[in-house]
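A short worksheet on the structure shown next.
The values are calculated or read from the model by the stated rules, or taken from the named source; none is laboratory data. Note that the structure is a prediction, hence the values are computed from the model and not measured. Here the Cβ positions follow ideal geometry from the backbone for every residue, glycine too, while neighbour counts run over all protein chains shown. Each accessible area value is taken on the protein alone, full model and side chains, heavy atoms only, with ligands, DNA and RNA left out. Shrake-Rupley method; radii C 1.70, N 1.55, O 1.52, S 1.80 Å.
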Amino acid sequence: MYLKINCNLDFIDIALRLVPHASPDSLDHDSENVYEWIWLNIKDLPFALNVSREHGWADIDDEIESNASMDELKGIVKPGAVYMFGCERSTDSYINELPDWLPQFVADQLHADVFVYNGRINVEIPDGEPASVVHPQPVNANNKAVNGSRR
């Protein structure tokens, strides 16, 4: 089982919305030519959540990258969809099922629809139809999700 979110937030901002008690320096974040990923330890989740996406920098022409300012580049870079799956890092084992509350938690924290897929992610083939789509819950005046609960 994995989750997909279309979200253009900065990658560290995504992590900090999901793990608000973390500091940017404490996050296990890395990248390579095409992808970036981060491992998150979310409260009440007994395994790590791998959050990854195409960072978008691979699509920038070298000449543009060398001549543009960082602000200009940030306006050009278009990151891909964000994918999430569970992993027991001590054994490097994929988690087949995610808790029922996790898609709603992610939708509420990122203010984005979460597409839930059965099976394992495979970047070589399209995702197909999701098993379900979870929408963010409306928030009340106290900025808390209405009827929101993890359990």
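Screening segment 2-44 for residues that are acidic (Asp, Glu) and modelled with pLDDT of 90 or more and picking the one that is farthest from Val123 (Cα to Cα) gives Asp44.
Modelled with pLDDT of 80 or more and of a type in the set (Gly, Ala, Ser): is that true of Ala58 in this structure? No. Summed over segment 78-100, the residues that are open to solvent by 50 Å² or more (accessible area, probe 1.4 Å), modelled with pLDDT of 95 or more and of a type in the set (Gly, Ala, Ser) give a count of 0.
Screening Pro103 against (1) over 25 Å from Ala58 (Cβ atoms); (2) open to solvent by 60 Å² or more (accessible area, probe 1.4 Å); (3) touching a residue at least 40 places away in the same chain (Cβ under 8 Å) leaves a single unmet condition, (2). Contact map, segment 16-34: first residue within 21 Å of Pro79 (Cβ to Cβ), second residue among the basic types (Lys, Arg), Cβ cut-off under 9 Å, separation 6 or more or different chains; pairs are Val19/Lys43. Answer yes or no: is there a residue in segment 113-121 that is on the phi < 0 side of the Ramachandran plot, among the acidic types (Asp, Glu), open to solvent by 40 Å² or more (accessible area, probe 1.4 Å) and at pLDDT 95 or above. Yes, the conditions are met somewhere in segment 113-121. Scanning segment 1-52 for residues that are open to solvent by less than 60 Å² (accessible area, probe 1.4 Å), assigned to a strand (DSSP E or B) and hydrophobic (A, V, I, L, M, F, W, C) yields a total of 8.
Residue count for segment 45-55 under the criterion of being touching a helix residue (DSSP H, G or I) at 6+ places or on another chain (Cβ under 8 Å) and modelled with pLDDT of 90 or more: the result is 4. For segment 80-100, a residue qualifies if it is of a type outside the set (Phe, Trp, Tyr), part of a strand (DSSP E or B) and touching a residue at least 12 places away in the same chain (Cβ under 8 Å), and the qualifying residues are Val82, Met84, Gly86, Cys87, Glu88, Ile95.
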